[in-house]
Each structure stands twice: as structure tokens, then as C-alpha cells.
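Please read the structure below before turning to the comments.
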Amino acid sequence: MRIDFKKLRIDIIIIVGFALLSLAYCYPQLQGKKLQQSDNLHWQGMAHEAMAFHDSTGKDVLWSNSMFGGMPTYTTYVGAANTNYSWYVQVLLQSVGKPAYFFFIAMLCFYILMQVLGVNKWVSVLGSIAYAFSSYNPIIISVGHDTKMLTLGYMPAAVAGLYLIFKEKWLTGAALMALATTLIFDNNHFQVIYYFMLMFGCFVVGMFFVAVKEGKVKQFALSCAVAMVAAGIGIGPSASSIMTTMEYSKETMRGGASELSGHDKKTNGGLDKEYAFRWSNGIGETFCLMIPYLYGGASGEAADKAPKTLEAVGGNAEELPIYWGPQPFISGPVYFGAVICFLFVLGLMVVRSPHKWWILVAAAIGIILSWGKNFDAVNYFLFDHLPYLNKFRTPSMALVVPQFLFPLLGVWAIQEVMDRKDDPKIWGHIKIAAGVTAGLCVLLGVGGSMFFNFTGGEDAQLQKEMVKLLKDDRAALAMSSGLKSAAFILLSAGLLWAFIKNKIKPVVLIAGLGVIIAIDLIPVAYDYLKDKNYVDAADYENYFAPRDVDKQILKDPDPYYRVLDLTNEHGDVYNNAWQAYFHKCIGGYHPAKMEVYQDLIDRQMSRGYNGQVLNMLNAKYIIIGRKGGQAGVIPNPMACGNAWFVDEIKWAATADEEMAGLNAPGIGDTAIVPNAFDPKKTAVMRAAFKNTIGNYTFGKDSAAYVKLTKYGLDDLIFASKNSKPGLAVFSDMYYDKGWKAYVDGKETPIVKADYVLRAIMIPEGNHTIEFHFHPASYYNGQKVSLVSSILVILLCLGAFYPILKKGKTESV
């Protein structure tokens, strides 16, 4: 059939409306203000050295020395030519501006899915708004989880493509799925992708049962093949990122496994359970999906939500610890909307499509996974046996799956009611869904004290009188929140009743539900992303203004040394990437630091700082706090420098022996440590490298040296002089997935010394030593990326160009 330009105009109006709504919600953006996102600021600290180097040289950047002694930049910033051409689609969508484009992309992609499902355009708008403004989205946007939000935004489009494929619209579906998959994987948030892959698995299983029932197993198999090819093409443009991340993850605290004793040993690596399950959603906390403040909201919630406590502190508080759930702290509740929860339950009863069953199963799996350690019988088993699950922490993040599925089925329910208004069973289903959901809201809100004690894990640190007031405020907040949710549900049910009884027209039903959903969701969303989250552009830039102590250190002409920042101005040493904006740091912040460096932190740099370990890491300066708030700097003349020759090797049979070989007094510690480590004299080395070293005899004369002559992130050049064959240790992290060493142009093996450092054998005489980081995984991935990117473009042209050329459109 020919293109319906009237409907197309409606689509354009709706899409423009999404942009305007996004901008209206993010109105400080229009005033030139910037969103102050804590994690994004950390990212700028992580990536600054690499970005600045790339901008000044134009060279690829795959390694940075700014944190934890040095690490690959794969998960933070890769300054290299972009071979993923479909990424420019994201550039176009982001023209709405930040942070508005997060909401715009989420609404647009959900709307595309609704149109693929054949849902009324204006009903589709309701679901799009509900999906975009679910409270978790503004929460993660406010703290800077940009890639997570973009992954959530594009996911509905990927589902739309998959749905088309299984409807045998193979070319169109494959093109849409490939493009959406490309955009999803380009944002590199593998935990969210993992959860949605579980959802896709539920989808495919559901479609298999449908195919068996309808006798279409061959078509099902073909659809599976098309979907896999489309997904493969879509993943391909991100091949370099995926291949390097998979390679690197095996060496990190997420994918690796410490060889030291006393660790939670896992046969396939992964995180320690205690760390991985720290943010586990409480089972009762699940009802916050429908009652936002049942558990108090955020850990630092707006003080006016606790009036009794606020009055007791004299009104001198902007935030109070109102959250009382089992998680260490949260930035806000995960709230889907009371109306959406009601419509989801209604959808389970009125939607006749078999899709509702896989939706129910996938939503349930997401909720169960989110409980984490609070449902350990299941989740610990899955953590130990489900492939790759043990690479991720924060189980509560699994709620992203039901967050998507609840409005999907809920909007579908509205469409079913509109299509079957004369069905006498419809009103009965509405009454049951409203009764169950509104009834739970009233029961948990009004009768909360029968089920909850409203006592938080941190309450023991507060005065008893304040705890009592907080408990009263929490109970009152839960009650008002529950009653408000019940009211929204009943109002929505009333609109549906009026429509069924022919008292209102469809347009009034849709408009009324839209108003209720907006009033239900957007104020809660606004609690966690509002004008106070923005700052003037000048103030934002000043966040990275150097302190006097930073300026003092930066006067050093030496291009390569490390700094230990103990001032705790922006977080502790190992959870603060701000320090990396100016310096190459002993600490920093990264969720996937190398396992061996974490071992070094745990054993040598957590309860005090081993002075000799700091020396071998070339910690030339230590920043300390002083009275009056001014930071001071202490030079460390004992720092070993970038490289040095050693006299001997101390062989270690195990990781524990190697780590023990580094034992030495801490900073300022006068205690005598027997056989204390001296990095300038001894290299502690694992026995596994004996074959590489062989019978090599080495030494050094009094004038021997190894000195840095050229500093680059992926390239380091040194000059050496020694009248004897020598063994040189370098204060750089050992990473055998790409680093290669050359002496006078001839490759020489790199061995690991002192648990984390590099060492090489250097012949006597004067030599030039070069280290180059050229990981094959990245450059091979770039080739795959280029080819796949072209395939995605060709697939999209093949699917959509003929439609536009002939002035026709496909019915979906």
C-alpha cells in the first residue's frame, strides 16, 4: 500500500513532541547549564590523560598510566579512528542535547516498538513516556551512567527488530535489529546487555512453543538463523571493543581470580560474592515498583519528606537518611508507576497474544535476580553456574528487564481494552487488576507497621530519639505514598470503566490515562533529576581546577612519575578518579582494575602503605592534608624512578611467596621487618619465569643506568648503559596482552617482577629499549568493525530504500 502521509505527519508530530517533552523536563539545559554527574566527572578524570594525548598527537591511545600504575583504556576511552559508521546515528539522535537526548531516545525507540506491534499511535505515546520516565532512568542519568541509559534507550528498537523477524518480515526486521544492536553494543554496557540477552532467550523459547503449536517449526528455525545473522552483523562494528574487553576482563577483579590464598576461589573467575551482591534489592523492596516511597526513597532523601525529623534538627537539613532498606545506600527508588503496574496485571488477563507468557517469565527472572543475596538459594547457584553472571555486581540492576516489560504489556492491555470494549469479561478483569494492585497499595501503606519495622541498617549510628522520629516519618511517608498510588490506580480503572460504558470517547481515555501516568511518574522522576543537579558551565569547568599542590607538582619537568594522594578530597585513594585528571596515580577509581593490582592494594597498600612498594611504583610525590584544609606535598627521594638494574632475583614458588617477598616497613614505621624488600637490589619473581631467564648471569656496575628518553602512552623509549649483562625492572604494569619490548629493535621477552612490574634482560653496553602496546585483539577487531559497519549500512539501505523509492510501506 502507498505511504499514508497523514499518519506520517502524526508520527512526525509525536517525535517532535518527544523532543519538546525531553527539553521541557531538562529545561536547565536550555539555560546553558550542565548536568553535574558524579560518575561522569570520575570518567573525565579516568580518561583525561588519554584524551589529551590523542588530541595533541592524533595517535591511537589504548593504554593510560593515570591510575593504578597503568592499565588499558578499553573501558573508558579509546582514541583511535572510528570504523563504526553506524555510530553516527547516535550522533544525530544526540542533537537534542544532553541530558534531554536520553529521554528522547528512550521514548522514540519504545514508540517504534509499539508501532511494530500495531498499537494505536497515541496509546504508544503513553508507553513511551512511562518507559522513559521510570524513576531508575533519571537516577542513573543524574549520577552519570550514560552508557547504561543509552543501552536501555535503544533496547526497545532491538526487540522490535526481533519481533519483525519472527513475523517473517525478515529483511526489515534484520535491518532494524542490526542497527539497534550496533548502537547498544557501541555503548559497551555489558551488564545491561547480559540481562536483556536473558530476556531475548525467553522471547525465543516463547516463539518456539508458538511455532510448535502452529506447525511453523521451519519458519521458526529460519527466523532464528536470520536473527543470529542480524545480531552478528550488529555486534560486529563493536568487535574491537568486545574482543579487547573480553581479553582484558580475564586479568581484572571481575573476570580474573586472585592466586593469593584467602580469596573466594571460583573455577571460572569472577567477583567475590560479598562484593558482587552488596547491592541486592530487598524482597519487600520490590513493592517500590508500585509504591515509590515505601522504603523511604533515597539514602539522602529530601528532608521535607521527614517533617518530624526535620523539625527536631531545627530545619537545618536539606537531606535526611530516610531509606531503610537492605542496600548500603541508594540514590532513589526503582519505581515503574502505580498505573503501569496495574496495567501490567491487567495485561496478563486481557492480552490474548502468547507473547505475554514470555514477558511474565522474563519479568519474574529480572525481579528474582535483583534480590541477589536476599534470595541466595537461587542467586548464589546462578552466580556460580550461569556463564558470565559472576562478572557483574549490583544485582538490583536486573530490574531493567521488568522496567521495560511492564509498560510494554501495560500499553498492550490498553489496546486490548479499546479493541474489545464490548467483551463482557473485560470489566471483570479490570476490577480484579485494580482490586489487587490498589488493595496492595492500601494494605502496605496503611498497614505497613504490620509488615515492616522501618529500621535502617545505619540507624545504629544515630541518636535513639532521632531514630524514633525517622521511623515515624518513614511510616507516614509509606502510607501517603501507598494511598497516592492506590488513587492513581482507581482513577485509571475509572477511566477504563467510563470508556467501556461509552461515557467517554477513545481520545478522552488516552488523554486521561496520559495525564495520570505523567502525574504519577514525572514528579517522582523529578525528585532525582531536577534543577539542583545542574550547575553553570563555568562552575562545571572549575571542578577540575588544579589546587596549589597540583600546580606545585606539575612544575616537575619529568614527564613520568606517580603520585599518592591521601587528601581524601573527592573520595578515598582507590575510589577517586578525580586525582587522575592531573597526575599519574597510585590510586584512582575503576570498576575493573587489574586483579594483581587489587592484590597489591589488599596486601601492601590498604592498612598502611609499604614504603618500598611505593618506591618501586615510582611514587615521587605524596599529597597529604594539613590543618586549615590546605593540602601539602611531600617529595619522596627514595622513589626508584622509571627503571633500574637489580643485583639479584628472589624466586617464589607461589603467589603468596611472591607477595610476602615484598614485605617492608610502612611509611613512617620504625619497626624492623626481617629480610625486608629492597626493590633497587632484588627482583622478586615467580619460578614460572625460570625457563625464560634460564642461566642468565647478570649484574651492574656503579655507573649503570636505565633512563626514560621518550614518554608516550602506548610507546615508551629508554636508554641503558651497563658494562655487564643486566636485568632491568621497570615501574610499569606487567600486561602480556599486547606489550612487547625491543632492545635495539630486536624483540626480547618481558617477565613479571615484584608481583606487578615488568622486567627484561639487557646485554652489556649502551642500548635503546622500546616498549610498544599493540594488542592484536584491538587491531583485528578494527578490521571486523569496518566490514560489519558497512554491512549494517547496506542492510538498512536494502530494507528501507525500496520502500521509499516506490512510495510503499509494509504493514506490520
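The values are calculated or read from the model by the stated rules, or taken from the named source; none is laboratory data. The structure displayed is predicted, hence computed values, not measured ones. Cβ sites come from the backbone with ideal geometry, for glycine too, and all protein chains shown count toward neighbours. Protein only, heavy atoms only, side chains kept; ligands, DNA and RNA dropped before computing areas. Shrake-Rupley method; radii C 1.70, N 1.55, O 1.52, S 1.80 Å.
A few notes on this one:
- Scan of the range 732-747 for residues that are hydroxyl-bearing (Ser, Thr, Tyr) and either part of a strand (DSSP E or B) or open to solvent by less than 20 Å² (accessible area, probe 1.4 Å) (or both), ordered by number: Tyr735, Tyr742
- Some residue of the range 236-246 being within 25 Å of Ile365 (Cα to Cα) and either surrounded by 15 or more Cβ atoms within 10 Å (Cβ to Cβ) or touching a strand residue (DSSP E or B) at 6+ places or on another chain (Cβ under 9 Å) (or both): no
- The range 591-662 holds strands (runs of 3 or more DSSP E) entirely within its bounds, and those carrying 2 or more residues that are more than 23 Å from Leu713 (Cα to Cα) map to 619-625, 631-635, 648-652.
- Single condition Met149 does not satisfy, out of (1) touching a Ser or Thr at 6+ places or on another chain (Cβ under 9 Å); (2) aliphatic (A, V, I, L, M); (3) buried (at least 24 other Cβ atoms within 10 Å of the Cβ): (1)
- Here Val673 fits the description: loosely packed, with under 15 Cβ neighbours inside 10 Å and under 20 Å from Ala619 (Cβ atoms).
- Cβ-Cβ under 8 Å pairs, at least 6 apart or on other chains, the range 746-757 side without any contact (Cβ under 8 Å) to a residue 24 or more places away in the chain and over 15 Å from Phe677 (Cα atoms), far side open to solvent by 10 Å² or more (accessible area, probe 1.4 Å) and part of a strand (DSSP E or B): Glu747/Lys740; Thr748/Tyr742; Thr748/Met761; Ile750/Trp739; Ile750/Lys740
- The residue of the range 472-501 that is most open to solvent (accessible area, probe 1.4 Å), among those that are out of contact with any helix residue (DSSP H, G or I) (no Cβ under 6 Å at 6 or more places or on another chain) and of a type in the set (D, E, K, R), is Lys484.
- At least 3 residues being among the β-branched types (Val, Ile, Thr) and farther than 30 Å from Ala486 by Cβ is the threshold, and among the helices (runs of 4 or more DSSP H) wholly inside the range 216-298 those reaching it are 217-235, 239-249.
- Ile750 hydrophobic (A, V, I, L, M, F, W, C), open to solvent by 30 Å² or more (accessible area, probe 1.4 Å) and in contact with a strand residue (DSSP E or B) (Cβ under 9 Å, 6 or more places away or on another chain): yes
- Residue pairs meeting the criteria (Cβ under 9 Å; at least 6 apart or on separate chains; first at pLDDT 95 or above, in the range 766-781; second among the basic types (Lys, Arg) and open to solvent by less than 10 Å² (accessible area, probe 1.4 Å)): Phe771/Arg758
- The set of residues in the range 705-731 that are more than 42 Å from the chain's Cα centre (by Cα) and open to solvent by 60 Å² or more (accessible area, probe 1.4 Å) comprises Tyr705, Lys721, Ser723, Lys724.
- Cβ separations smaller than 7 Å between residues 6+ apart or across chains give the following pairs from the range 407-424 residues that are open to solvent by less than 10 Å² (accessible area, probe 1.4 Å) to residues that are assigned to a loop (DSSP other than H, G, I, E, B): Leu409/Val351; Val411/Val119; Ala413/Val351.
- All helices (runs of 4 or more DSSP H) inside the range 502-573 with 2 or more residues being surrounded by 14 or more Cβ atoms within 10 Å (Cβ to Cβ): 506-528, 548-554
- Scanning the range 678-697 for residues that are open to solvent by less than 20 Å² (accessible area, probe 1.4 Å) and modelled with pLDDT of 95 or more yields Pro679, Thr682, Ala683, Val684, Met685.
- Considering Lys98, Lys33, the condition of being under 30 Å from Ser788 (Cα atoms), of a type in the set (D, E, K, R) and open to solvent by 60 Å² or more (accessible area, probe 1.4 Å) is satisfied by Lys98 alone.
- Condition met for Ile365 (within 20 Å of Ser135 (Cα to Cα) and either of a type outside the set (Lys, Arg) or more than 29 Å from the chain's Cα centre (by Cα) (or both)): no
- Lone unmet requirement of (1) in contact (Cβ under 8 Å) with a residue 24 or more places away in the chain; (2) assigned to a helix (DSSP H, G or I); (3) open to solvent by 10 Å² or more (accessible area, probe 1.4 Å) for Tyr74: (2)
- Residue within the range 176-195 that is assigned to a helix (DSSP H, G or I) and farther than 25 Å from Tyr88 by Cα present: yes
- In the range 303-400, counting only helices (runs of 4 or more DSSP H) that sit wholly within it, the ones holding 1 or more residues that are at pLDDT 95 or above and of a type in the set (Val, Ile, Thr) span 338-350, 355-371, 376-385.
- Residue satisfying condition, being more than 21 Å from Ile184 (Cβ to Cβ), in contact with an Asp or Glu (Cβ under 8 Å, 6 or more places away or on another chain), surrounded by 24 or more Cβ atoms within 10 Å (Cβ to Cβ) and among the small types (Gly, Ala, Ser), within set Gly69, Gly79: Gly69
- Within the range 705-722, the set of residues being modelled with pLDDT of 95 or more and not in a strand (DSSP E or B) is empty.
- Of the residues Ile359, Ile322, Ile330, the single one that is in contact with a strand residue (DSSP E or B) (Cβ under 7 Å, 6 or more places away or on another chain), among the β-branched types (Val, Ile, Thr) and open to solvent by less than 40 Å² (accessible area, probe 1.4 Å) is Ile322.
- Pairs with Cβ under 8 Å, 6+ apart, first in the range 592-613 and more than 26 Å from Thr73 (Cβ to Cβ), second open to solvent by 40 Å² or more (accessible area, probe 1.4 Å) and of a type in the set (Gly, Ala, Ser): Gln612/Ala676
- Selected residue [touching a helix residue (DSSP H, G or I) at 6+ places or on another chain (Cβ under 6 Å), in contact (Cβ under 8 Å) with a residue 60 or more places away in the chain and not aromatic (Phe, Trp, Tyr)] from Lys121, Lys98: Lys121
- Selection within the range 676-704 - outside any strand (DSSP E or B), within 44 Å of the chain's Cα centre (by Cα) and either farther than 19 Å from Lys740 by Cβ or of a type outside the set (Val, Ile, Thr) (or both): Ala676, Phe677, Asp678, Pro679, Lys680, Lys681, Ala687, Ala688, Phe689, Lys690, Asn691
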